[in-house]
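Some notes on the structure that comes next.
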Amino acid sequence: MLLELGDRKFDLTDRPLVMGILNRTPDSFYDRGSYWDLDAFYRRAEEHVHVGADILDVGGVKAGPGPEVSEAEEMERVAPVVSGLRARFDVALSVDTWRASVAEECFRVGAVMGNDISGFADPEYLPTAAKAGAAVVATHIRLMPRVADPNPQYVDVVGEVSSFLTERAARAKAEGIPDSRIVLDAGLDLGKTAAQSVELLRASGRLAALGWPLMLSASNKTFLGMTFGLEIGERWEATLAAHALGVSLGCRIIRAHDVHAARRVSDTIAAVLESVESAAE
């Protein structure tokens, strides 16, 4: 399985990639604005790169409900730091936005991937990415970002998410984005109960079998806290377990707050799987 990010080509057959989360927000659910200060932001980026991040993912608006962030404000938060990251580090850059205009500017200054948790709700998103030669992440969400969804209902959550992601990938292809630049994400916690998110994590193999690289976004998420009775700062071990399970079932990009731990878990699981495959030959 091949993933193209700008002029980089990654063979994802065995080795997963790790995407380091960089929040340019004052109200992130996890870090609570710890990296809002620019010096702290760039130090965090340097830490991610030093311990093995393949991709840095910059977001300027949190996914959940909160104060309104205008297009201009989001642009001001993310575009300059994408440019700054491009000047500082030789690593693939992703922008976590559902606005085509923000993605377009970030592609112009160095981003090579658009991570859109809205499922391409902005009709200009895919044409913008195609024009820039950027990769895209198709994420399942039941409603919209920033909209509370306290009681999501599905007849078959895995089947419905699979159908949604397949349709979004087809939409991306129709806009001229090749398979090698399309990534899928089940959208754990996005319009799902804790039980539904667990079911989707357990079904990672089925989602990976759709044929596009599958990204796992489970790091410190609410479903882990609710399942195991853990506060945000207590979810480290549960996050690593989710990463290990996801990689073993076929997830090939791990989006993580703790890049060092995710890198070690991913590489360990990959090495074990490679050993099993070699022994079977």
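The values are calculated or read from the model by the stated rules, or taken from the named source; none is laboratory data. Just so it is clear, the model here is predicted, and its values are computed rather than measured. Ideal geometry is used to build each Cβ from the backbone, glycine not excepted, and the neighbour counts take in all protein chains shown. Calculation scope for accessible area: heavy atoms of the full protein, side chains included, ligands and nucleic acids excluded. Shrake-Rupley method; radii C 1.70, N 1.55, O 1.52, S 1.80 Å.
Table for the structure above
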item: Selection count where residues are open to solvent by 20 Å² or more (accessible area, probe 1.4 Å) and in contact with an Asp or Glu (Cβ under 7 Å, 6 or more places away or on another chain), scope the stretch 97-127; result: 4
item: Sole exception among (1) open to solvent by 60 Å² or more (accessible area, probe 1.4 Å); (2) among the basic types (Lys, Arg); (3) within 23 Å of ILE232 (Cβ to Cβ) for LYS9, by number; result: (3)
item: Check on GLY20, under 17 Å from ASN220 (Cα atoms) and either open to solvent by less than 10 Å² (accessible area, probe 1.4 Å) or of a type in the set (A, V, I, L, M, F, W, C) (or both); result: yes
item: Checklist (1) without any contact (Cβ under 8 Å) to a residue 60 or more places away in the chain; (2) open to solvent by less than 30 Å² (accessible area, probe 1.4 Å); (3) in a helix (DSSP H, G or I); (4) in contact with an Asp or Glu (Cβ under 8 Å, 6 or more places away or on another chain) applied to LYS173, failing item; result: (2)
item: Subset of the stretch 28-41 that is open to solvent by less than 40 Å² (accessible area, probe 1.4 Å) and over 19 Å from THR239 (Cα atoms) - its residue that is modelled with the lowest pLDDT; result: GLY33
item: Residue match in the stretch 251-267 (condition: more than 14 Å from the chain's Cα centre (by Cα), assigned to a helix (DSSP H, G or I), crowded, with 22+ Cβ neighbours inside 10 Å and without any contact (Cβ under 8 Å) to a residue 60 or more places away in the chain); result: yes
item: Residue within the stretch 43-62 that is out of contact with any helix residue (DSSP H, G or I) (no Cβ under 6 Å at 6 or more places or on another chain), over 17 Å from ASP116 (Cα atoms), open to solvent by 50 Å² or more (accessible area, probe 1.4 Å) and in a loop (DSSP other than H, G, I, E, B) present; result: no
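Conditions tested, residue by residue: (1) more than 19 Å from SER180 (Cα to Cα); (2) β-branched (Val, Ile, Thr); (3) touching a residue at least 60 places away in the same chain (Cβ under 8 Å).
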{"residue": "VAL78", "(1), (2), (3)": "yes, yes, no"}
{"residue": "SER83", "(1), (2), (3)": "yes, no, no"}
{"residue": "ARG88", "(1), (2), (3)": "yes, no, no"}
{"residue": "ALA92", "(1), (2), (3)": "no, no, yes"}
{"residue": "ARG108", "(1), (2), (3)": "yes, no, no"}
{"residue": "MET113", "(1), (2), (3)": "no, no, yes"}
{"residue": "ASP116", "(1), (2), (3)": "no, no, no"}
